[in-house]
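To start, the structure itself, in structure tokens.
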Amino acid sequence: MFALDYRAAPATVHGRHADLCFSRTGIARMGTAEPRYDRAARAFDPLNPADPYAFRAVPQRFAAYIAMRAPGDRDSFGPQDFVGGDDKRDFWVPLHKLFSGPECIAGQHLDVIFASRFVNEKLRRFHRYLETQGYPSDWTGDDLERFPFVIRDELIASLSRRAEYGQGVLEPRPAPLAVRARYQDRWLTFEVPRDFVAEPGVMYFSTAQILPGPAETEPTYLEGLAPTTNRPAPEYISIRHRLREDGSLENLNHHPEMMKTLSAGGYQAQHFIDFAGDGWIEARCPQITAEVRTRAPAYALVAPPDFFPLVSQRDLTLWWRNEVPKAVRAALWAVPPIHLSERRMAANIHLPAGFSINDTTVTALVAHPGPVAGATPAPKLPLKPRYSGLPDQSPGVFDPGWDASQGIHYSDPDVEVQPYLQSFGLGTPFVEDVKLCAALGSYWPAVAPDSARTFAPVKRGPGFDYPWPTVVPLTDEEIGIVPTAVGLYKPWDGVRGPRLETIEGRQVAVYPDINRVDMLANLDRMTAELLARIDLEETKTRVMAMACVYWGLGIHDPALAEQHKGKAVVETLKAKAGWAVLSFRPVAADDGALREAEAAAGSRLAGARRYGLHLFRPGTERPHPSDLQSVVVELGEQAFAFSDATSALVRQGGESWRHDTSMPKS
């Protein structure tokens, strides 16, 4: 079984002409509304223009093929991203599509029968973790085998019965992004274990996290790339909604002593569930079982929505590796923007599908076999961006992850541990992790927004400050600081960004309190309407515009690398996080403020896209005197900038405007 996608030449495995691409992993996306197929784009549309707060379910097509196993071959079928050792790894390669009827194989009338199975076991895994670690748990034994501790099959997704989609289309069931869990006709809760929340590092902001190892004592950005990081249960779990005796919920986000209550535990916290999950698609054909004895299922994920459907993770990876100036590449992102299709790891070995821990090529993209040696690649013509459910559109970083998380298989003490993909390590519900993912400065850049600047600049993690600078800035409109053209505020997560206020005679920055922002309360206000317009070119331009401004403020990566050998990336990120982005907006070439800055600097920006920024050095942070949901940050030195992604006009403190061209171009 393969997930497949028909693509224009530049996005294919071989790059010569439009063709089908295949992977043994396919990614469908959960949604709140029925799917819609866009025939012109040959893709499912993730949005509903009539309802900006709806997320359409996004199906994924699968098909059965007679296939062969063969070592990777650059000059034939690929894979698309050839990594070290691929010439010795076996890949399943499609040879001939199987379909029902008399026209598939001469002399045979085939019956190709598809089946799918899915599971979401995040709550079961959470309570088993509590039990195995010696914490008290309200739920054990047979209870953990039932809904909603385990959510199965059609409640997550099933093969579509819509005739217009044809055979083999996996269709997620439209459902709310998260709901209160019920069990045995009662609201499902658990008593928050006092010893659990008292453990160092468990409280991550106001979320309880399951640590895969010892508590962090300093920033560690690359855990998502660590091949030995194991997620035995959902890393994050919501504990901010306390059940009252009358069955209603007390939203602890509105409680003045919320952090003390959370840290003390001992209360009944409401469980929430989502309908993400993982599973497999398989096919059988009775007429050829004697000749074709091996059946290999495809791994399938039903993942959270993609807020940037027009941005390919692989395209972003290739740009970062091949075009971003070397001097800024290492610390441009806290974690490299790696795509899932170049990771070599197994599918979820706990699924009854029988995935092998040694079958590590499930996420690779391959083509039909054929000679391509010496072939001329197709010209790179402008293409209309389109969404795809193959793994090159998905992030390959798991901390805990966005589309998938990571488990570890310990097969033999003498053999290196082996990672595998799974979904039970993701937050429960997934929106509990959305705030944290987005606040971590573009950790999953092609699916999750960068909302580092939405929250107060100093982010206090598990016992220490975590420097998360803005990497791919969202505009003031996209984070709800200013209204859209029709006068509405539409922040992507329902959270309005920072604002300037005068308090006690002093101008200060007022931010939403990251501890009290709760996506469970914002489900009907989340929207991808504005973010889904952002394509790869816009993403790249924003990244480089932000990088130019950091250089214009004197943060030069090579100098910091020389000064802090061994901690170059961390120290560079700290330096960048020393500036908070208060405003980021696109500006036209004839913008009045830009013209004044250019005149004062005696130089003009020449790029096709320009942005205006207002930054400041954050001072003391304190609670807002009258708004429990906000914090106040003192304004230190301020700076204003314009950038076209190749250079920046900067006015820092009381200085005059200057044109900074210091960032290397290669």
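Brief remarks follow.
- Of all accessible heavy-atom area on the stretch 518-569, the percent that carbon and sulfur account for (1.4 Å): 51
- Averaged over residues, the count of other Cβ atoms within 10 Å places the peptides 136-147, 435-446, 645-656, 477-488 in the sequence 435-446, 645-656, 477-488, 136-147, highest first.
- Nitroxide proxy distance, nm - points 7 Å out along Cα→Cβ at TYR53 and ALA198: 4.2
- Point-to-point label distance, HIS350-LYS260, nm (Cα→Cβ direction, 7 Å offset): 3.8
- Positive-pole candidate from PRO445, ALA589, ALA296, dipole of the chain, charges at beta carbon: ALA589
- Dipole of the chain, positive end: most advanced residue of TYR267, HIS109, THR502 [Cβ charges, Cα centre]: HIS109
- When +1 charges are put on Lys and Arg Cβ atoms and -1 charges on Asp and Glu Cβ atoms, the dipole computed for the chain relative to its Cα centre reaches about 1040 debye.
- Contour minus Cα-Cα distance for LEU635 and ARG295 (0.36 nm per residue): 116.1 nm
- Put a plus charge on the Cβ of each Lys and Arg, a minus charge on the Cβ of each Asp and Glu, and nothing anywhere else: the dipole of the stretch 562-666 about its Cα centre is then about 340 debye.
- The C-alpha radius of gyration of the stretch 195-288, expressed as a fraction of 2.2 N^0.38 Å, stands at 1.54.
- HN-Hα J in Hz across the stretch 104-114 - Karplus 6.51, -1.76, 1.60, θ = phi - 60°, x for Gly and Pro: 8, 10, 4, x, 10, 10, 8, 10, 9, 10, 9
- Just the protein heavy atoms count here, and of the accessible area of the stretch 93-139 at 1.4 Å, carbon and sulfur take up 49 percent.
- Seen through its C-alpha gyration tensor, with square-root eigenvalues sorted a ≥ b ≥ c, the stretch 538-666 comes out oblate because a/c lies at 1.5 or above while a/b is not bigger than b/c.
- The residues of the chain have, on average, 40 Å² of accessible surface per residue, using a 1.4 Å probe with all protein chains present.
- For the stretch 523-564, Kirkwood radius (reciprocal of mean inverse C-alpha pair distance, Å): 12.9
- If R0 equals 35 Å, the separation of the Cβ atoms of LYS567 and GLU131 corresponds to a calculated FRET efficiency of about 0.35.
- Alpha-carbon spread of the stretch 558-632, three principal axes, descending order, Å: 45, 39, 21
- Computed accessible area, TYR550, all protein chains, 1.4 angstrom probe, square angstrom: 10
- Prolate/oblate/rounded call for the stretch 73-168, Cα gyration tensor, a/c under 1.5 rounded: oblate
- Reciprocal of mean inverse Cα separation for the stretch 108-226 (Kirkwood radius, Å): 18.0
- Residues of the stretch 628-666 falling in the label zone of LYS326, defined by backbone nitrogen less than 11 Å from a point 7 Å along Cα to beta-carbon, are 666.
- At q = 0.09, 0.21 Å⁻¹, base-10 log of I(q)/I(0) for the stretch 417-548 (Debye sum, equal scatterers on each alpha carbon): -0.30, -1.42
- Rg/Rg_globular for the stretch 179-337, with Rg_globular taken as 2.2 N^0.38 Å and Rg from C-alpha atoms: 1.48
- By the helix-only formula, in which each DSSP H run with n ≥ 4 contributes -39500 (n - 2.57) and the sum is divided by residues, the chain has a 222 nm mean residue ellipticity of -4000 deg cm²/dmol.
- Magnitude of the charge dipole for the stretch 151-291, about its Cα centre and with charges confined to Cβ atoms of Lys, Arg (+1) and Asp, Glu (-1), is about 400 debye.
- Dipole of the chain computed with +1 at Lys/Arg Cβ and -1 at Asp/Glu Cβ about the Cα centre; of ILE237, SER626, GLY427, farthest Cα towards the positive end is GLY427.
- Diagonalising the gyration tensor over the Cα atoms of the stretch 1-101 and scaling each eigenvalue by 5 before taking the square root yields semi-axes of 31, 16, 13 Å, largest first.
- Whole-Å semi-axes of the chain's equivalent ellipsoid (Cα gyration tensor): 41, 33, 23
- C-alpha center-to-center spacing [the stretch 5-75, the stretch 536-611] in angstrom: 35
- For TYR236, distant residues with modelled amide H under 5 Å away: ILE210, GLY427, THR428
- Within the stretch 243-402, the proportion of C-alpha pairs whose separation exceeds 27 Å stands at 53%.
The values are calculated or read from the model by the stated rules, or taken from the named source; none is laboratory data. Here the structure is a predicted model, which means the values were calculated and not measured. Glycine also receives a Cβ, built like all others from the backbone with ideal geometry; neighbour counts cover every protein chain displayed. For accessibility, only protein heavy atoms count, side chains too; no ligands or nucleic acids. Shrake-Rupley method; radii C 1.70, N 1.55, O 1.52, S 1.80 Å.
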